There are 2 protein chains.
Amino acid sequence: MAIEIPYKIYLEESEMPKAWYNLRADMKVKPAPLLDPKTHKPATLDDLSAVFCRELAQQELNETDAYIEIPEEIRNFYKMYRPSPLVRAYCLEKKLGTPAKIYYKFEGNNTSGSHKLNSAIAQAYYAKKQGLKGVTTETGAGQWGTALSMACSYFDLDCRVFMVKVSYEQKPFRREVMRTYGASVTPSPSETTEIGKKILAAHPGTGGSLGCAVSEAVECAVSNEGYRYVLGSVLNQVLLHQSVIGLETKTALEKYGIKADVIIGCAGGGSNLGGLISPFVGEQLRGEANYKFIAVEPASCPSLTRGKYAYDYADTGMICPLAKMYTIGADYIPAPNHAGGLRYHGMNTTLSELHAQGILEAVSYQQTDVFAAAEEFARIEGILPAPESSHAIRAAIDEAMKCKETGEEKTIVFGLTGTGYFDLAGYKNYNDGKLQNYIPTDEELAQSLAKLPNIG
Amino acid sequence: MAIEIPYKIYLEESEMPKAWYNLRADMKVKPAPLLDPKTHKPATLDDLSAVFCRELAQQELNETDAYIEIPEEIRNFYKMYRPSPLVRAYCLEKKLGTPAKIYYKFEGNNTSGSHKLNSAIAQAYYAKKQGLKGVTTETGAGQWGTALSMACSYFDLDCRVFMVKVSYEQKPFRREVMRTYGASVTPSPSETTEIGKKILAAHPGTGGSLGCAVSEAVECAVSNEGYRYVLGSVLNQVLLHQSVIGLETKTALEKYGIKADVIIGCAGGGSNLGGLISPFVGEQLRGEANYKFIAVEPASCPSLTRGKYAYDYADTGMICPLAKMYTIGADYIPAPNHAGGLRYHGMNTTLSELHAQGILEAVSYQQTDVFAAAEEFARIEGILPAPESSHAIRAAIDEAMKCKETGEEKTIVFGLTGTGYFDLAGYKNYNDGKLQNYIPTDEELAQSLAKLPNIG
C-alpha cells in the first residue's frame, strides 16, 4: 500500500538534527582558502579571530569534521520555531497539471521571516560563550538584521546594526522590528565611525551601500572592546549552521521513502542554497545517490551564470578576507532588484567550487518572471513568498512543466526561504505593471571583472 | 514516567477535526435570537438568506446540531496551513519564574496572519457551492479582508472589499496583499454605492468608518446579482468555523494528558475567543470538567466589562439584524487603539450569554500595558504578536504571576491569534514612548447606552 504523504511533513523534536553537517569534509577538492586582504596569504585562525568570534573562526577553517555538534542551547532555541515543515505542493501540482511531485521546505514561519535565524542564533550563542558584550553587523533588506536582533535579545547581547541608509528610510517597519528586539539600528553611512565620516564628507547626502555598511560594522566591532562582527551569508560557517535545513529535509524525505530528483534553491551569498543541498551533495560525493542541483539567481546579479571564478574582495571596502568565488566584481553595484537578499556580487566559496566541478547547475531569471511565479504560488499555495524565495519557485515551476512535456514523475524539492510581508512595495510595482528588469550588459560586466585583484 | 511535552505540539493530519462544534446545541439557555431591523421579529432563514449565503444562514440559525461536518474541500484547504501548533511557552515560564504551565495556540502561521482564514475559507466555499459570482465585505485593519481574498482566490470567486478609507491610506501594504490575491479593494466611503455617495455628500473628505463600510458592502451585495455579504466575526456561524481552534487545542492537550485550568482569549467581536473556548465550555456545560474562561478586551472598547446586555444594532447603518449582546452602543466610535480588530462596539451573542450566566469572565487592559506584554513576549518567545493577540498575552502573564505568588501549578492556555507584521506603526509609537491610552468616561458610555433601541 502506498504511504499517504501529508500536506506538511513535520518531524518530531526527537528527529531534529543534533549536529550540523560540514560538506567540505566530504569534498575531495576543497574550496580555495580565504586570503588576508593585505598579505594575500591564507587567513589564519588569529587573523579571523580579530574580527569574528573565535569558535566561529574555527568553524570557518574546519575542513575535516563532517559533523559538528549543535550546542544544547541552540537546539532549544531551534525547538521554538523548528522543525520547519516540508510541504507537499499538492495544489500547485494540480494547477500545473504536472506528473512531477513538488515539495518545498518552508523557512518563513518565524518572526525574522526567513532561514537567517538558523545562523543568527548560532553566532549569538558563540559570541555570548566567548563573554562578548555584543556584536555588529550590516543589513540591507533587513532579514538578517531582524534575525540577529532576535538572537541577541534571546542571549542578552548588545546588537548594533548598520542599515543601508536608503533601506533605513524606505523600510521603517523592518527597522522597528529590530528596535522592538532591542537592537540599535544606525543608518549607514553614519557619523559614528571614521569610515562613515569619510564617506559622508566625500558624498554628502548619499543613500549608502552594503559595502559601506560592512565597513562601518567591522570598524565598530574592532574598535569596541568586547565586540565582534557577524555576517549572515557568504561564509562557510553560515552554510554549516544552515545545514539544519537540508538535514531536516533529508530526514523528512527518508521518513516517507521519498527520493528527490531535483533540488532547487535561490542563491545570493549562498546561505540557504548551501544549507539545503549540503547533505544531499555529500551523499552524492560519497557515491550514494545522484541529484540535479540548481542555483537560481537574479538576472540582474548573475555571479554564477555570468561571473568569473576568481579571487575577489568580499566587500567594497576591501577590509574583509579575499575569497575565490564566482563574482561579477566587488565594485559592481547590482541594480535595485526587489530581491535585496540576492544582490551580492559573489558567491560562497564551497558553492562556487561545486559549480566549477559541474555538480551545481545555475540559472537566472528576470524579476517580472519571478513575481509572476510568486503571485501564482501565493494564490495556489496560500503563502506570500519573499522575492528571493520566488526565484526558486520560478525554477521549480519550470522544472515541473518540463515533466509535463516529458511525462516524467520527477520529485522536485525547493527551498522556500521566507515570506514577503515586508516586500509589498515590490508586489505593488508588479501589480501596477511598473516592475522593470535589469540585465547587466556584457560590456558592464567586462569592465567590472577587469578590476578583479590579480591573484592565483 | 512523566511524558515530555515538546515545545510545539502538532497534531497529525488524521487527528484534525472532521466536524465543527456548535456550542449553542449544548446550552440550556440559548443566546437571544437575531431580530429583523425593521419588524423587530426574529430573523428567519429567508430574511438572512437575502444578505448571506443560504447554508451560512442555516448555520446561523442552527441551535440543535452539536456537530456540523466540515466539507472535504475545506478540510483540504485547512491542511495547507493547519493544524496550528499548540506551543508550550517554556521560555516565558522560565523568565517569569512561575510554577504555572503556559500554552498558546498560535494561529499566525499563514499569510493572512491570523485565525480569520478558518472562517473565510468556509464562507467562500458555501458561496461557491451556491453558485455565486462573488462576495462583498468590509475590512478595517485588514486581517479579515486578507483572509477572505485568499479564500476567494482559492475558489475562484470575485471578492470586493470595502476598506475604511483611513486604513486604506495608512496601510497600503495590507491593501497590496489583497490585490495580490486578486481582490478589488475600494476605499470607503466610495462613489460606487448610494450610501457611499450620500455620506460623501454630507461629509466631504471623511476618512470613513467600519459602520459605513459595512453598509456599502451590504448594499453592493444585495444590488448585484450573484453576490452575498460575508462577515469575519460577531456571527455565530463564524464561531462555529472557528471552533476548529478549540477542537485542535483540546485534542492536543488530551494527547499529552494535560488538563487546562484557565483559558484566555482576546475579544473584539468574539471570533477567536469563541472558537477557542467553545469545546471546553461544552464540556463544562455537560458537567465533565471545570475551567476558568477569561475574555480580554481593550479598556478603550469595553463591551463586556462596562457595556450593557441588551438588543443593539450590529452596524451603525442599522441595516443588519439586531442582536442581544453586551454593547457600548452602535453609535459609539471607539478610540483609535492599535488593536483595530478589537474595536467593535458589541460582542457575539453566544459569548454575551455565557458572560451573563457567569461562565465567561472578562478583563480589560490599556494599550501601553498590552504593548509591554507584546514586546516581552516577542523577545522571549520569538514571535512578534498582533496587538489584538497581545491582550491575551497580558492576561496570561498576569495569571501566571498570580501563580507565582500562590505557588499554584496551574495550566494556562491562551489564544495567540496572529502576528504583528502589519502593526509596526503601533510598535513604533510604543518604542518612541508616544502610545496613548484611551478610556471612555462613565458619562460618554451612559450617553451612548441611552441611545440603545428599546427592545425586550
- Specify whether the C-alpha gyration tensor of segment A:1-52 places it in the rounded, prolate or oblate class, a ≥ b ≥ c being the square roots of the eigenvalues: rounded for a/c under 1.5, otherwise prolate if a/b is larger than b/c and oblate if not. prolate
- Positive dipole terminus of segment B:93-245, leading residue within B:Gly207, B:Gly113, B:Thr98 (C-beta point charges): B:Thr98
- Item | Whole-Å distance, taken between Cα centres, linking segment A:93-160 and segment B:382-422 | 24
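Just add up the charged neighbours of A:Glu194: K/R +1, D/E -1, any other residue whose Cβ is under 12 Å from the Cβ of A:Glu194. Display every interim value, and only then the final one.
Values: positive: A:Lys197, A:Lys198; negative: A:Glu191, A:Glu216, A:Glu219.
Charge balance near A:Glu194 sits at -1.
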- Task: Collect residues whose amide H, placed 1.01 Å from N in the peptide plane, falls under 5 Å from the amide H of A:Thr44; neighbours closer than 5 in sequence don't count.
- Result: none
- Based on the Cβ-Cβ distance from A:Met401 to A:Glu69, what FRET efficiency comes out when R0 is 35 Å, to the nearest 0.05? 0.25
- Per-residue SASA entry for B:Asp423, accessible area with 1.4 Å probe, Å² rounded to 10: 20
- The size of the Cβ-based charge dipole (Lys, Arg +1; Asp, Glu -1) of chain A about the Cα centre, to the nearest 20 debye, is 320
- Computed over chain A: relative contact order in percent, which uses C-alpha pairs under 8 Å that are six or more apart: 19
- How would you rank B:443-452, B:337-346, highest first, on the average number of other Cβ atoms within 10 Å across their residues? B:337-346, B:443-452
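Sort the protein assembly as shown into rounded, prolate or oblate with this rule: let a ≥ b ≥ c be the square roots of the eigenvalues of the Cα gyration tensor; rounded if a/c is under 1.5, and if a/c is not under 1.5, prolate when a/b is larger than b/c, oblate otherwise.
prolate
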- Query: Which whole-percent values make up P(r) of segment B:138-252 when all C-alpha to C-alpha distances are grouped in 10 Å steps starting at zero?
  - Reply: 14, 41, 32, 10, 3, 0
- Taking the dipole of chain B about the Cα centre (Lys, Arg +1; Asp, Glu -1; charges at Cβ), the one of B:Gly382, B:Ile263, B:Val218 that reaches farthest to the positive side is B:Gly382
- Return the whole-Å distance between the Cα centroid of segment B:223-261 and the Cα centroid of segment B:16-41. 14
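Using a 1.4 Å probe and counting only protein heavy atoms, how much accessible surface gets buried when B and A come together, both sides summed, in Å² to the nearest 100? Mind showing how you got there, number by number?
Working: alone 18050 and 18080 Å², together 32120 Å².
That pair of chains buries around 4000 Å² in total.
Which order do B:Glu248, A:Glu63 take by accessible area at a 1.4 Å probe, largest first?
Descending order: A:Glu63, B:Glu248.
Quote the charge dipole size of segment A:88-222 about the Cα centre in Debye, to the nearest 20; the model charges only the Cβ of Lys and Arg (+1) and of Asp and Glu (-1). Please list the in-between numbers first.
Numbers: 17 positive and 11 negative charges, 123 e Å.
That gives segment A:88-222 a dipole magnitude of about 580 debye.
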- Positive end of the charge dipole of the protein assembly as shown (Lys, Arg +1 and Asp, Glu -1 on Cβ, about the Cα centre): tell me which of A:Tyr181, A:Gln357, A:Ile439 has its Cα farthest that way. A:Ile439
- Note on the structure: Amide H contacts under 5 Å for B:Lys101, restricted to residues at least 5 apart in sequence or on another chain and with H modeled in the peptide plane, are B:Lys410, B:Thr411, B:Ile412
- Query: Whose amide H sits under 5 Å from the amide H of A:Met325, counting only residues 5 or more places off or on another chain, with H placed in the peptide plane?
  - Reply: A:Ala310, A:Tyr311, A:Asp312
- What accessible area, in Å² to the nearest ten, does a 1.4 Å probe give for A:Tyr21? 0
- Taking a cut-off of 17 Å between Cα atoms, list the lysines near B:Lys308, but don't count ones fewer than 8 places away on the same chain. B:Lys324, B:Lys451
- Query: Excluding A:Ala32 itself, what net charge comes from residues whose Cβ is under 9 Å from its Cβ, given Lys and Arg +1 and Asp and Glu -1?
  - Reply: +1
- Query: Largest first, what is the accessible-area ranking of A:Glu288, A:Glu4, B:Glu353, B:Glu15 with a 1.4 Å probe?
  - Reply: A:Glu4, A:Glu288, B:Glu15, B:Glu353
- Where a ≥ b ≥ c are the square roots of the eigenvalues of the C-alpha gyration tensor, would you call chain A rounded, which needs a/c under 1.5, or, failing that, prolate if a/b is larger than b/c, or oblate? rounded
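Quick check: net charge around B:Ala450, other residues with Cβ under 15 Å of its Cβ, Lys/Arg +1 and Asp/Glu -1?
-2
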- Note on the structure: Among A:Lys259/A:Lys292; B:Lys8/B:Lys95; B:Lys402/B:Lys434, the pairs whose Cα-Cα distance exceeds 20 Å are B:Lys402/B:Lys434
- Under the helix-only model (-39500 (n - 2.57) for each DSSP H run of 4 or more, divided by the residues of chain B), the mean residue ellipticity at 222 nm, to 500 deg cm²/dmol, is -12500 deg cm²/dmol
- For A:Glu69 the rounded accessible area (nearest 10 Å², probe 1.4 Å, non-protein molecules ignored) is 130
- Query: Where the only charges are on Cβ atoms (+1 Lys, Arg; -1 Asp, Glu), what is the dipole of the protein assembly as shown about its Cα centre, to the nearest 20 debye?
  - Reply: 180
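The values are calculated or read from the model by the stated rules, or taken from the named source; none is laboratory data. All figures in this text were calculated on a predicted structure; none of them were measured in a lab. For neighbour counting, all protein chains shown are included, and Cβ atoms are generated from backbone atoms with ideal geometry for every residue, glycine included. Surface areas here come from the heavy atoms of the whole protein model, side chains and all, with no ligands, DNA or RNA. Shrake-Rupley method; radii C 1.70, N 1.55, O 1.52, S 1.80 Å.
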